[in-house]
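Take a look at the structure set out below.
Nothing in this text is a laboratory measurement; each read-out follows from the coordinates by a stated rule. Here the structure is a predicted model, which is why all the values come from computation and not from measurement. Glycine gets a Cβ as well: all are built from the backbone with ideal geometry, and neighbour counts include every protein chain shown.
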Amino acid sequence: MLMISIKDMDKRELHSHAHRLLRECLRPYRIDYNEDTPVSKGKMGKPSLTERPDIHYNLSHADGIAACIVSDCECGIDCERIREYRPNVMKRVFSDSERSMVENAGEGKKNELFFRLWTLKEAYVKAIGVGISYPMNTVEFSFENGMIRSNITDCRFRQYIVGNGGFVISVCELTDTSF
């Protein structure tokens, strides 16, 4: 289950709002998620439900948006407001072909393309539970005929552009549980 909410809130409120989305997503599983729900942390800090290891979730929030995914497999989600990208970030985390793709995009598309790629990378490293310590420039994405292509196998990727094109949400679900 995926929930996305666009709301103008400060960061602390968005964090709490993302947890409210999680509470809603867990209702069909008959889980009453609240501040007392036992949560375990993986090696790199990825949270999971202590009493329901069969249910996986991930949260994200950014300026004006919160998102939550609940799945029967390991998953990650990232959301971002599309804004001016920072070329130095792109140099550190994008492959040569991804940098070229952004640099050669039409002037009105560079920022969107940057955040489409960035959120896919973030969703992947969150799904595998390692965060941005992962060498993100080794994970490569491209877009072809409306499809997301990647050098990463055993994953499903989805992406949404919402809020009149102002936000990007990317989701990664692992189809191989050996991670």
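Overview of results
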| item | result |
| --- | --- |
| Cα-based shape type of region 1-52, given that a ≥ b ≥ c are square roots of the gyration tensor eigenvalues and the cut on a/c is 1.5 | oblate |
| Filtered GluC sites (Glu not before Pro), region 12-102: DSSP coil and at most 15 other beta carbons within 10 Å | E35, E51, E84 |
| Cα gyration tensor, region 59-99 - rounded (a/c under 1.5), prolate or oblate | oblate |
| In nm, spacing of pseudo-spin labels at K41 and R92 (7 Å Cα→C-beta vector) | 2.2 nm |
| GNM flexibility winner over the chain from R81, R92, R156 (Cα, springs under 10 Å) | R92 |
| Cα-based helix-to-principal-axis angle, 110-127 vs the chain, degrees rounded to 10 | 40 degrees |
| Aspartates and glutamates with Cα under 12 Å of K109, excluding same-chain neighbours fewer than 8 positions away | E84 |
| Rg/Rh ratio calculated on Cα atoms of the chain (Kirkwood radius) | 0.97 |
| The chain: relative contact order in percent, alpha carbon pairs under 8 Å with at least 6 residues between | 22 percent |
| Environment charge of V125, counting only residues whose C-beta is closer than 12 Å and scoring Lys/Arg +1, Asp/Glu -1 | 0 |
